[in-house]
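*Asks:* Structure below; questions to follow.
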Amino acid sequence: MTRTPDEPKIDLRSDVTVELVKHSATDSDVLFAARVSTLGEQSLDELNKDPERSKGLINYLMRDRHGSPFEHNSMTFFISAPIFVFREFMRHRVGWSYNEESGRYRELQPVFYVPDTDRKLVQEGRPGKYVFVAGTEEQHSLAAEAMEESYRQAYAAYQDMLARGIAREVARSVLPVGLYSSMYATCNARSLMHFLGLRTQHELAKVPSFPQREIEMVGEKMEAEWAKLMPLTYAAFNANGRVAP
């Protein structure tokens, strides 16, 4: 779509950003938390003496759903995604902390979501039993053009209101949920596993999940970072049906 000279320039994205910015998370964190109940305080050197025993303990904790040892760690992610993703994300409250950029205190940037061509567009079936199938080239073009036009009009109205002295916290009301926002999200392994169990599809999952694709994209990137930090815990999560303990 061609932009007229008086229309604002907007950026269109179909991806998400997930960066692990800070962490204190290892498999040893799980082990020392679990073993204090039977052995008292131990050093990390003691915990790491018998790797197979450690692996077995983590698998036992996961299998029998002894969840609290998986809480003694921390991961902080920087996430940039459309607002509609954050609205789903923040349904996860236990074991999570959030700080999102504020439309009250800063001017929001014109970055908006459009689906990529491999994003399935068409919903078939009734609620609870529906599936998504690929849309036609015409449907993808229609969605992209309609979104871009809507975004341009909304952001132009936002800029006009700001220019006329209307407060940011009021002017932002015209912006759609396709606008990108950013936040820091901090969690532990247990809360992340619960998130992944609901927000990703996986062949090893005992309980099927049907997440919206855009939040699944965030989940997949978080999972990849976590898997490198806690490989034994990650393996046990998959081996036991991807059910959070």
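*Asks:* Which residues' amide hydrogens lie under 5 Å from the amide hydrogen of Ser74, considering only partners 5 or more residues apart or on another chain, with H built in the peptide plane?
*Replies:* Long-range HN contacts for Ser74: Ser24, Ala25.
*Asks:* Moving on to the next point. Give Lys9/Lys129; Lys9/Lys228; Lys55/Lys206; Lys9/Lys120; Lys129/Lys206; Lys120/Lys206 a once-over and call out the pairs whose C-alpha atoms are over 29 Å from each other.
*Replies:* Lys9/Lys129; Lys9/Lys228, as the Cα separations exceed 29 Å there.
*Asks:* Follow-up question, since we're still on this one. Per-residue HN-Hα couplings for segment 61-73, Karplus 6.51 cos²θ - 1.76 cosθ + 1.60 at θ = phi - 60°, whole Hz, x for Gly and Pro?
*Replies:* Per residue, the Karplus-derived 3J(HN,Hα) values read 4, 5, 4, 8, 6, 8, x, 4, x, 7, 9, 8, 7 Hz.
*Asks:* Continuing with the same structure: Please list, in order along segment 104-109, the HN-Hα scalar couplings obtained from phi with the Karplus expression 6.51 cos²θ - 1.76 cosθ + 1.60 (θ = phi - 60°), rounded to whole Hz, x for Gly and Pro.
*Replies:* Calculated HN-Hα couplings, in order: 7, 10, 9, 6, 6, 8 Hz.
*Asks:* What nm distance separates the two modelled labels at Thr76 and Tyr105, each placed 7 Å from Cα along Cα→Cβ?
*Replies:* 1.5 nm
*Asks:* Within segment 50-152, list the chymotrypsin sites (Phe, Trp or Tyr not before Pro) lying in a DSSP loop whose Cβ has at most 12 other Cβ atoms in a 10 Å radius.
*Replies:* Passing both the DSSP loop test and the Cβ count: Tyr105, Tyr130.
*Asks:* Contact order normalised by length for the chain, with contacts defined as Cα pairs under 8 Å and 6 or more residues apart; what percent is it?
*Replies:* Numbers: 360 pairs, mean separation 75.9, N = 245.
Once divided by the residue count of the chain, the mean separation gives 31 percent.
*Asks:* Please return the longest range in the chain lying between exposed loop sites, taking GluC sites (Glu not before Pro), DSSP loop only, at most 13 other beta-carbon atoms within 10 Å, and leaving the sites out.
*Replies:* 108-202
*Asks:* Which shape class, rounded, prolate or oblate, goes with segment 107-245 when its Cα gyration tensor gives a ≥ b ≥ c as root eigenvalues, a/c under 1.5 marks rounded, and past that a/b bigger than b/c marks prolate?
*Replies:* Here segment 107-245 falls in the oblate category.
Readers should treat all values here as calculations from the given coordinates under stated rules, not as data from a laboratory. Keep in mind that this is a model prediction, so the values were computed, not measured. Methodologically, a virtual Cβ is constructed for each residue, glycine included, from the backbone with ideal geometry; neighbour enumeration extends over all protein chains shown.
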